[in-house]
Amino acid sequence: MEYDHVREVDPEVADALAGELDRQRETLAMIASENHVSKAVLEAQGSALTNKYAEGYPGERYYAGCEYADDVEELAIDRAKELWGAEHVNVQPHSGTQANMGVYLATLDPGDKILSLSLTHGGHLSHGHPANFTGQLFEVEQYEVDPETGYVDYEGLAETAEEFEPDMIVSGYSAYPREVEWERIQQVADDVGAYHLADIAHITGLVAAGVHPSPVGVADFVTGSTHKTIRAGRGGIIMCGEEHADDIDSAVFPGGQGGPLMHNIAGKAVGFKEALQPAFGEYAQQVVDNAEALSDQLADHGFSIVSGGTDTHLVLVDLRDSHPETTGGDAERALEDVGIVLNKNTVPGETRSPFNPSGIRAGTPGLTTRGFDEAATREVADIIARVVEHHDDEDVKAEAAEDVAALCADFPLYEE
Ligand code: DSN
């Protein structure tokens, strides 16, 4: 990956691309939504399919010359069906948010009602935040996690649903470390006559590998992104029963998008093939085992872990008990200085602002792709603890940076 052709045309962009590659190699990606795709997926995404317009669906395109686009999209769809067991799959959404938009367009009218988890409790912008089109087009009510346990307050959700009478209940989250009880939420949706959209963006890989229960066949609609734990080409996906297939397909195109990003769909197809291999099941289990090791080790260092642990790929740390003077922003910046890249995050019962909240969110998909096991992940937890505790101490940070560099060398990424 020398970027020779780019360098010849545009050295500035070549420098940025090479810089980003080195950044990924020399730091630990612990943003829970990030991962490192294979060179095969990178190559597919960088292919000549980026040049092709293919509005429509395989066999029914609006332009000529789509035979290879059809092959790629059919492969992506077939593999997704096998991975998640869905009756109908649309692989064209450009992102997880576009996938959610496809479902809303297929099922709701402006002014209809959405009930979703609040963003500060682990939800997502595209589930009804006022700054997002969902908050602007629809009437939104939110449920929360129980402030004591950190688990979704299923009873509160049911009570709110009865009062609010939503048209759509959204489950599936961005900063929630526990297994989701899909059937329980579906029951609430059935009771109030609402659709249920399960957004598994973060846990697509865990669900495909069977290390998290699946909402496919339970919820009316399942959406996801394809580049997080599933580690395929970048973008979104929608899954549903055959009865919703036509509505979903027309909502994605021509409803909400134009030409599909065929190079990304090629990346999805290749990543899905990789995820169908037995090694992917081992990877997904290791992601969860590493997250548990991270959580336990941070707890041993005195950190307060939201919900007391994790069942997934991520850990949410509330800094207020252990480090009342340290914000999530302080921790994020100090950790970035030493090469650990994670994000500040709101926590349930947040008392600061979303721009400088009280928590940090850390995920293990990227580390696990590099080959980290529990022992190596516990070493990372030790470094995180040291750096957060002494986030203003340059000597501590210099030593931590050396430890991170050693781990990156021990678990190399994108070797030539
Ligand atoms: N940006 C993603 C995340 O970090 O959770 C969600 O879109």
(message) One residue is enough: does the stretch 189-209 have a residue meeting the conditions open to solvent by 40 Å² or more (accessible area, probe 1.4 Å), of a type in the set (D, E, K, R) and more than 16 Å from the ligand (Cβ to nearest atom)?
(response) yes
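Would you check if PHE372 is buried (at least 21 other Cβ atoms within 10 Å of the Cβ), within 26 Å of LEU119 (Cβ to Cβ), touching a residue at least 12 places away in the same chain (Cβ under 8 Å) and over 17 Å from the mean Cα position of the chain (by Cα)?
no
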(message) Taking the condition of being part of a strand (DSSP E or B) and more than 15 Å from the chain's Cα centre (by Cα), how many residues in the stretch 353-369 meet it?
(response) 4
(request) Report, by residue number, each residue of the stretch 6-26 that is open to solvent by 70 Å² or more (accessible area, probe 1.4 Å) and either within 16 Å of the ligand (Cβ to nearest atom) or β-branched (Val, Ile, Thr) (or both). (result) VAL9
(request) State whether one or more residues within the stretch 280-296 are open to solvent by 10 Å² or more (accessible area, probe 1.4 Å), of a type outside the set (D, E, K, R) and more than 19 Å from the chain's Cα centre (by Cα). (result) no
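Restricting the stretch 118-157 to residues that are open to solvent by less than 30 Å² (accessible area, probe 1.4 Å) and assigned to a helix (DSSP H, G or I), which is nearest to ASN356 (Cα to Cα)?
Applying the filter and picking the extreme gives HIS121.
Would you pick out the residues in the stretch 118-143 that are out of contact with any Asp or Glu (no Cβ under 6 Å at 6 or more places or on another chain) and more than 16 Å from the ligand (Cβ to nearest atom)?
Within the stretch 118-143, PRO130, GLN136, LEU137, GLU139, VAL140, GLU141, GLN142, TYR143 meet the criteria.
Name the one entry in GLU416, GLU336, GLU399, GLU350 that is outside any helix (DSSP H, G or I) and surrounded by fewer than 18 Cβ atoms within 10 Å (Cβ to Cβ).
So the residue among GLU416, GLU336, GLU399, GLU350 that is outside any helix (DSSP H, G or I) and surrounded by fewer than 18 Cβ atoms within 10 Å (Cβ to Cβ) is GLU416.
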(message) Going through SER214, SER225 one at a time, which residue ends up being hydroxyl-bearing (Ser, Thr, Tyr) and surrounded by fewer than 24 Cβ atoms within 10 Å (Cβ to Cβ)?
(response) SER214
(request) Just need a number here: residues in the stretch 57-104 that are in a loop (DSSP other than H, G, I, E, B), within 16 Å of the ligand (Cβ to nearest atom) and surrounded by 22 or more Cβ atoms within 10 Å (Cβ to Cβ). (result) 1
(message) Whether any residue in the stretch 46-54 is touching a strand residue (DSSP E or B) at 6+ places or on another chain (Cβ under 9 Å), of a type in the set (A, V, I, L, M, F, W, C) and over 23 Å from MET262 (Cα atoms) is what I want to check.
(response) no
(request) Return the pairs, sorted by first residue and then second, in which the second residue is among the hydroxyl-bearing types (Ser, Thr, Tyr) and in a loop (DSSP other than H, G, I, E, B), the first residue lies in the stretch 27-39 and is within 16 Å of the ligand (Cβ to nearest atom), the beta carbons are less than 7 Å apart, and the residues are 6+ apart or on different chains. (result) ASN35/THR229
(message) Just to check your reading of the model, which residue among ILE265, ILE305, ILE238 is surrounded by fewer than 24 Cβ atoms within 10 Å (Cβ to Cβ) and on the phi < 0 side of the Ramachandran plot?
(response) ILE305
(message) I'd like the full set of residues that are among the charged types (D, E, K, R) and open to solvent by 40 Å² or more (accessible area, probe 1.4 Å), limited to the stretch 308-329.
(response) ASP311, ARG320, ASP321, GLU325
(request) Only residues that are more than 15 Å from the ligand (Cβ to nearest atom), touching a residue at least 60 places away in the same chain (Cβ under 8 Å) and of a type in the set (A, V, I, L, M): list them for the stretch 163-188, please. (result) MET168
(request) Give the residue that is farthest from the ligand (Cβ to nearest atom), with candidates limited to residues of the stretch 105-117 that are open to solvent by 10 Å² or more (accessible area, probe 1.4 Å), touching a strand residue (DSSP E or B) at 6+ places or on another chain (Cβ under 8 Å) and not in a helix (DSSP H, G or I). (result) GLY111
(request) Collect the residues in the stretch 128-179 that are hydrophobic (A, V, I, L, M, F, W, C) and either closer than 21 Å to ILE238 by Cα or over 21 Å from the mean Cα position of the chain (by Cα) (or both), keeping them in residue-number order. (result) PHE133, LEU137, PHE138, VAL140, LEU157, ALA158, ALA161, PHE164, MET168, ILE169, VAL170, ALA175
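The values are calculated or read from the model by the stated rules, or taken from the named source; none is laboratory data. Note that the structure is a prediction, hence the values are computed from the model and not measured. Ideal geometry is used to build each Cβ from the backbone, glycine not excepted, and the neighbour counts take in all protein chains shown. Only protein heavy atoms, including side chains, enter the accessible area calculation; ligands, DNA and RNA are left aside. Shrake-Rupley method; radii C 1.70, N 1.55, O 1.52, S 1.80 Å.
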